[in-house]
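Just below is one structure, and these are the notes that go with it.
Nothing in this text is a laboratory measurement; each read-out follows from the coordinates by a stated rule. Worth saying up front: this structure is predicted, and the values here are computed from it rather than measured. A quick note on method: Cβ atoms are made from the backbone with ideal geometry, for glycine too, and the neighbour counts reach across all protein chains shown.
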Amino acid sequence: MAIKSDRWIRKMALEHDMINPFTEKQMRQGVISYGLSSYGYDLRVADEFKIFTNVNSAIVDPKSFDERSFVSIQSEVCIVPPNSFALARSVEYFKIPRDVLTICVGKSTYARCGIIVNVTPFEPEWEGFVTLEISNTTPLPAKIYANEGLCQILFFQSDEPCETSYKDKKGKYQSQTGIVLPKL
């Protein structure tokens, strides 16, 4: 398995619609960078957020998730409370090839502010908008900027296609269109 370069990512995005919309070069002027980088793609966070709240005294249960655990907002800026968490979605829609697996890593600009971004790997033949998990590990409120970079996706291509893809398994998060909460 090998990490893929900007040339490969560009080709796959333009010829196979792997990333849409696709920003062909890294945008940096006055924003937290996004777009194509040397060996990855910095995705943008959309203006839709779900911020954890304890207003309704809900319990976080991945088998029976209570939507009252969140407050939904649509805004150019999201303030994540201290030691709290928010969900968001990517601006970009991804279609992962059958012989590719991705890993997501946070951007250093946010990491240096105590913001941790966690996204599980995009499995072969998964497609959809990415649900992004954003943790504020600081004792202070943290600002997240919509339509700017949040994390970087690294693409790994195998020397052969997998036997069973996410699409073959009819994965529960296939073709997600918004912020998708935990499902059993």
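Once the Cα gyration tensor of the chain is found, what semi-axes does its equivalent ellipsoid get, as square roots of 5 times the eigenvalues, in whole Å, sorted largest first?
28, 21, 13
Which number gives the lysine pairs in the stretch 85-182 that have C-alpha atoms under 29 Å apart and are eight or more places apart or on different chains?
Count of close lysine pairs: 8.
Can you pull out the GluC sites (Glu not before Pro) in the stretch 1-78 whose DSSP state is coil and whose Cβ has at most 16 other Cβ atoms within 10 Å? Don't skip to the end; give the middle numbers.
Working: sites: E15, E24, E48, E67, E76; in loops: E24, E76.
Sparse-neighbourhood loop GluC sites (Glu not before Pro): E24, E76.
How big is the charge dipole of the stretch 1-83 about its Cα centre, in debye rounded to the nearest 20, if each Lys and Arg gets +1 on its Cβ and each Asp and Glu gets -1 on its Cβ?
340 debye
Could you give the length gained on full extension between N83 and V31, defined as 0.36 nm per residue of separation minus the Cα-Cα distance, in nm? Numbers along the way, then the final one.
Numbers: separation 52, 0.36 × 52 = 18.72 nm, distance 2.48 nm.
Here the segment from N83 to V31 would lengthen by 16.2 nm.
Per Stokes-Einstein, at 10 °C and 1.306 mPa s, what whole-number D in µm² s⁻¹ belongs to the stretch 114-184, with the Kirkwood radius over Cα pairs as the hydrodynamic radius?
Diffusion coefficient, whole number: 109 µm²/s.
When a/c reaches 1.5 or more, the comparison of a/b and b/c decides; with that in mind, is the stretch 42-104 rounded, prolate or oblate per its Cα gyration tensor?
Values: a/c = 2.66, a/b = 1.58, b/c = 1.69.
Judged from the Cα gyration tensor, the stretch 42-104 comes out oblate (a/c at least 1.5, b/c at or above a/b).
Could you give the size of the charge dipole of the chain about its Cα centre, using +1 on the Cβ of each K and R and -1 on the Cβ of each D and E, expressed in debye and rounded to the nearest 20?
280 debye
From the helices alone, meaning DSSP H stretches of at least four residues, give me the mean residue ellipticity at 222 nm for the chain, per-run term -39500 (n - 2.57), in deg cm²/dmol to the nearest 500.
The helix-only estimate for the chain comes to -2000 deg cm²/dmol at 222 nm.
Along the Cα→Cβ direction, 7 angstrom out, place labels at S64 and E24. What is the inter-label distance in nm?
5.3 nm
Give the residue list of trypsin sites (Lys or Arg not before Pro) in the stretch 72-129 that are DSSP loop and have at most 11 other beta-carbon atoms within 10 angstrom.
Passing sites in the stretch 72-129 are R112.
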